[in-house]
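First the structure, in the form of structure tokens, and then the observations on it.
The numbers here are math on the coordinates, done by the rules we state, and not lab data. Keep in mind the model is a prediction, meaning the values are calculated, not measured. Glycine also receives a Cβ, built like all others from the backbone with ideal geometry; neighbour counts cover every protein chain displayed.
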């Protein structure tokens, strides 16, 4: 994580805990400590939220590799998120990879 992080909440978490789960997944710590952090949950557009089979996160090496594939194959990233999701759901290979990670990482 390093001391030169430009993300103050990451630094704050690093000072507050040495628990491996929280070091790897900073947002888990933040959500368990609402008195220490300002948390604001933003609504998700219905066009995105309806796709429960999407995993758009980078928590694992496999997530990162899939994100790279998606990034490489989407020609115009300057679009509304809803449009990007429409393109992603048309790719059954990506959806299959997401399903594997969703099943593997259920909490």
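Among the numbered conditions (1) in a helix (DSSP H, G or I); (2) free of Cβ contacts under 8 Å to residues at least 12 places away in the same chain, the only one that residue 57 does not meet is (1). The set of residues in segment 89-107 that are closer than 17 Å to residue 48 by Cβ and more than 15 Å from the chain's Cα centre (by Cα) comprises 89, 90, 91, 94, 95. Quick check: anything in segment 60-83 assigned to a loop (DSSP other than H, G, I, E, B) and under 15 Å from the mean Cα position of the chain (by Cα)? Within segment 60-83 (the criterion being assigned to a loop (DSSP other than H, G, I, E, B) and under 15 Å from the mean Cα position of the chain (by Cα)), the answer is yes, since at least one residue qualifies. Tell me, yes or no, whether segment 33-45 has at least one residue that is over 23 Å from residue 10 (Cα atoms), touching a helix residue (DSSP H, G or I) at 6+ places or on another chain (Cβ under 6 Å), assigned to a loop (DSSP other than H, G, I, E, B) and in contact (Cβ under 8 Å) with a residue 12 or more places away in the chain. Within segment 33-45, one or more residues are over 23 Å from residue 10 (Cα atoms), touching a helix residue (DSSP H, G or I) at 6+ places or on another chain (Cβ under 6 Å), assigned to a loop (DSSP other than H, G, I, E, B) and in contact (Cβ under 8 Å) with a residue 12 or more places away in the chain. Taking residue 96 as the residue in question, decide whether it is free of Cβ contacts under 8 Å to residues at least 12 places away in the same chain, part of a helix (DSSP H, G or I) and out of contact with any helix residue (DSSP H, G or I) (no Cβ under 9 Å at 6 or more places or on another chain). Yes.
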